Amino acid sequence: MAFPAKLRLWGIGGVGMSALAQHFHRLGHQVTGYDREASPLTDRLLAQGIPIDFSPAPQRAEEAQGIVYTPAIPADFPEWEPVRRLRLPTWRRGQALAQVVADHTVLAVAGAHGKTTTTALLAWLLHALGAEPLAFIGGLARNFDSTYVGGNGPWAVVEADEYDRAMLLLSPAHAIIQSVDPDHLEVYGSPEGVLQAYHQFARQVQGLCVAPESVPDLGRPLVRYTLEAYQARGRQVELVYRSEGRRRTVTWTQIGRHLAENAAAALTLLEALGWDFPRLQQALTSFAGVERRMELYELSEEYFVVSDYAHHPTEIRRTLEALRESFPTHRLVVAFQPHLYSRTAFFAKEFAQALSLADSVLLFPIYAARESSTPSVTSKLISQYVDKPVQELLSLNLDMAALSTYLSPKPVGLVFLGAGDIYRLVPEALAYLRDRLL
């Protein structure tokens, strides 16, 4: 079924939904949206002329001809009543994305970690080489200042999101599978269920499927790559990787071995598809990264601040290891907001082990997102296992005077981690540190 002229998007402030909203708006659909609260993404959509309600508005649903919604929308959401009564067509986010890109040559990026940076990088490389890709990115790509790239070429670059089994709705032309670590166990039930889903996704890839050596056999041929060397001096990074008998050396400005692996994956896929490596190498040097993906603010030789989306133990560990490598003399003070009660309960000890790579830890309350409150699951599940000084905070507020006790001895890096709204604290922390430097 084609998308109708008048579309309403529920959860429009989510990263994936906001990209779809921009796409439909660009194509001339009359788009309205709902979200429960304002955010930088809803501000951007409002500025583009897309009306958004921040409380349920059943009359808006009655005026629509179709609904696209995030799976986080509950069954008792008031706007469901007119939708059911009028029998309006509906699409879950993953269904809508799969339909939007169905007529394109799709490059999909799957895996528990690295999807967003790799998707943004693929989009940038194709754009820089003149391919005019369509892209839906799970974060604000700095090169485009957007989560959406509205190119008119034949290529579409998408994240194959494992949540809600959305990746299984795609049959991409080619794909990258970055990792098969267990996550979203509230969806898959067990690590074995997660692995089975990646097996199914791999079978649905029509052409090349790229994966690092750490990904197990998935029952089909894989184009393998290996990161052989990584050297960082501040923001200047050189990496060496090998794939299909080729050994490549490239430089860029994104710190972290995990981000270097993302670069190796993207370059491996595009070179295997016939793109000229020297041109890819040149385009890589101008990649500006993604908001909240190792977003680094170097304020002085004494202080830096990082904002990062890391919300899985593996991601936290890789982020902190990268900072240790690039800033070996700095103490690391980590402020972490766990994301989802289910993830916190399942990975509590693993979170503690990863956070113990820091020198001090500030733990905020769990960001519930789509889940109902679970009183028995709190940040204390993590803090009891952390073997470094740890402080539990009762709300998403940061007393700057109290923070000052963590800022000596210097040099020190203040690292904000989490997939919730912890990013709201970063501007305040930056302002406080800049005042200290005056």
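The values are calculated or read from the model by the stated rules, or taken from the named source; none is laboratory data. These numbers come from a predicted model, not from an experiment. For neighbour counting, all protein chains shown are included, and Cβ atoms are generated from backbone atoms with ideal geometry for every residue, glycine included.
Can you spot a residue in region 274-289 that is in contact with an Asp or Glu (Cβ under 8 Å, 6 or more places away or on another chain) and hydrophobic (A, V, I, L, M, F, W, C)?
Yes, there is a match, as at least one residue in region 274-289 is in contact with an Asp or Glu (Cβ under 8 Å, 6 or more places away or on another chain) and hydrophobic (A, V, I, L, M, F, W, C).
The condition of being at pLDDT 95 or above and crowded, with 16+ Cβ neighbours inside 10 Å does not hold for residue 55. With respect to (1) within 19 Å of residue 112 (Cα to Cα); (2) out of contact with any Asp or Glu (no Cβ under 6 Å at 6 or more places or on another chain); (3) surrounded by 16 or more Cβ atoms within 10 Å (Cβ to Cβ), the lone exception for residue 319 is condition (2).
Considering only residues that are surrounded by fewer than 19 Cβ atoms within 10 Å (Cβ to Cβ) and β-branched (Val, Ile, Thr), look in region 224-261 and name the one that is farthest from the chain's Cα centre (by Cα). Filtering first and then ranking leaves 249. State yes or no: is residue 110 touching a residue at least 60 places away in the same chain (Cβ under 8 Å) and in the same structural domain as residue 265 (by TED's automatic domain parsing)? So residue 110 fits the description; yes. Step by step: first the residues of region 135-164, then only those that are more than 14 Å from the chain's Cα centre (by Cα) and touching a residue at least 40 places away in the same chain (Cβ under 8 Å), then the one that is nearest to residue 26 (Cα to Cα). Which residue is that? Applying the filter and picking the extreme gives 150.
Considering region 324-366, the residues that are of a type in the set (S, T, N, Q) and in contact (Cβ under 8 Å) with a residue 40 or more places away in the chain include one that is surrounded by the fewest Cβ atoms within 10 Å (Cβ to Cβ), namely 329.
Does residue 369 fit the bill of being outside the structural domain of residue 122 (by TED's automatic domain parsing), touching a residue at least 12 places away in the same chain (Cβ under 8 Å) and either in contact with a Cys (Cβ under 7 Å, 6 or more places away or on another chain) or at positive phi (or both)? So residue 369 fits the description; yes.
For region 1-34, the tally of residues that are outside any strand (DSSP E or B), in contact with an Asp or Glu (Cβ under 8 Å, 6 or more places away or on another chain) and not β-branched (Val, Ile, Thr) stands at 4.
Would you pick out the residues in region 91-113 that are out of contact with any His (no Cβ under 9 Å at 6 or more places or on another chain), farther than 17 Å from residue 18 by Cα and either surrounded by fewer than 18 Cβ atoms within 10 Å (Cβ to Cβ) or hydrophobic (A, V, I, L, M, F, W, C) (or both)? Matches in region 91-113: 102, 103, 109, 110.
For region 280-290, the count of residues that are buried (at least 16 other Cβ atoms within 10 Å of the Cβ), within 21 Å of the chain's Cα centre (by Cα) and under 30 Å from residue 407 (Cα atoms) is nonzero.
Going through (1) surrounded by fewer than 21 Cβ atoms within 10 Å (Cβ to Cβ); (2) basic (Lys, Arg); (3) touching a Phe, Trp or Tyr at 6+ places or on another chain (Cβ under 9 Å) one by one, residue 293 falls short only on (1).
The single residue among 401, 431 that is outside the structural domain of residue 38 (by TED's automatic domain parsing), within 30 Å of residue 237 (Cα to Cα) and not polar (S, T, N, Q) turns out to be 431.
Name the single residue that is farthest from residue 148 (Cα to Cα) among those in region 61-85 being assigned to a helix (DSSP H, G or I) and either over 30 Å from the mean Cα position of the chain (by Cα) or among the small types (Gly, Ala, Ser) (or both). Per the criteria, the residue is 85.
Selection within region 378-394: residues that are in contact with a Ser or Thr (Cβ under 9 Å, 6 or more places away or on another chain) and assigned to a loop (DSSP other than H, G, I, E, B). The member of this set that is surrounded by the fewest Cβ atoms within 10 Å (Cβ to Cβ) is 387. Tally time: how many residues in region 175-196 are farther than 20 Å from residue 314 by Cα and surrounded by fewer than 20 Cβ atoms within 10 Å (Cβ to Cβ)? Looking only at that region, the number is 1.
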